[in-house]
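This report concerns only the one structure given below.
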Amino acid sequence: MENNDELMKTLMQSSKLKMPFSDFESRVMQTIEQDEKKAVAVLEDRKRGIYFFLAGMIFGLGLNYLLSKSWKDLQFNLPQQENALLVSQIIYAILILFFIERLVKLYHLNHQIKGL
């Protein structure tokens, strides 16, 4: 029985995990804390991104409406007015698509962080 105890004692001593560095555990904990802070920051950025996207959409719609209304009052040629409005609306649509794409990337990043 004592032989088994000695064998068990030596096996348990050999199974100890040796840390590669003296501050290894604190480094790992710091990394985990930083990852958690990044996850919170991504959530905040996502919320802010949605708010600014909606504000930009409303601002852009209002700006396009005001530009179209003011350009009708000016004495431009009709084709020039239509071309200018078309260009401003195309730019507005491209910006909306760009921001939607960025929000989708932020949403996927959020899912990846939650999955960790």
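Every number here is computed from the coordinates shown, using simple stated rules; none is lab data. Just so we're clear, the structure is a prediction, and the values are computed from it rather than from any experiment.
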**Fill in**
For region 41-53, Karplus-derived ³J(HN,Hα) couplings (6.51, -1.76, 1.60; θ = phi - 60°; whole Hz; x for glycine and proline) come out as 5, 5, 4, 5, 5, 5, 4, 4, x, 5, 4, 5, 4
**Request:** Quick one: what are the phi-derived ³J(HN,Hα) couplings along region 89-94, Karplus 6.51/-1.76/1.60 with θ = phi - 60°, whole Hz, x for glycine and proline?
**Result:** 6, 5, 4, 4, 5, 5
**Request:** Per residue of region 99-109, in order, report the coupling 6.51 cos²θ - 1.76 cosθ + 1.60 (Karplus, θ = phi - 60°) as ³J(HN,Hα) in whole Hz, putting x for Gly and Pro.
**Result:** 5, 4, 4, 5, 5, 5, 4, 5, 5, 5, 4
